[in-house]
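Before any comments, here is the structure.
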Amino acid sequence: MNKIARRTGGGLLATAAIIAMASPSAYADSWQTFDTDNIGRSVDSGRGYTTGYFRWQKLVDEGPNLQEDYRADFDVRLNVAGAPNSCAWLRIITYEKGTATGAEVSLSKRFPSAGDTPYGYYGICGGADGKGYRNISGSDELWSGMAGHKFVRADIRVCYTRSYVPPGDNCYAFTIHPGD
């Protein structure tokens, strides 16, 4: 038990429940998947690869919010099985379009965020045996300020390197679309 939980006992949970009930986002907790894409892919050598799924979802219980809300959600396992100390890398970018103040707007979101991880990719490096894995998950909700907003695609890139260096040409890139 951490220090905060020890000091506050059950009060922490009661406070969190009250905040959740008062928050408009408390209604946005029931998502229905309308399309699932298998995102298991490998670089040509098979030494860097992913297994997992990408889900396109719609909000089921909108509560007082009458907008249609969507999100992209993924669970993936990044694997490396190569030379000693080699690495596998993963990057996902979601894209959405809609209109805001009468003009068409395009937005994108990177997973991971550009400055959050080395080289702008999730990474896993194997030890002396060259093997390892990392479980990664994330989601992207649409920007609700756009009328007629929708996801249009997600670009995914899986790479392999023989050591801890930036991903280069040994990659497999592909695109998925909602409803394909």
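All of the numbers you see were taken from the coordinates with simple rules; none came from a lab. It should be emphasised that the depicted structure is a prediction, and the values quoted were computed from it without experimental measurement.
Scaled to the compact-protein estimate 2.2 N^0.38 Å, what is the alpha-carbon radius of gyration of segment 47-180, rounded to two decimal places? Please report the intermediate quantities before stating the final value.
Details: Rg = 17.2 Å, N = 134, 2.2 N^0.38 = 14.1 Å.
Normalised Cα radius of gyration, segment 47-180: 1.22.
So what J values fall out for segment 85-93 if you push phi through Karplus, 6.51 cos²θ - 1.76 cosθ + 1.60 with θ = phi - 60°, rounded to Hz, Gly and Pro as x?
Using θ = phi - 60°, the values come out as 6, 7, 9, 10, 9, 9, 9, 10, 10 Hz.
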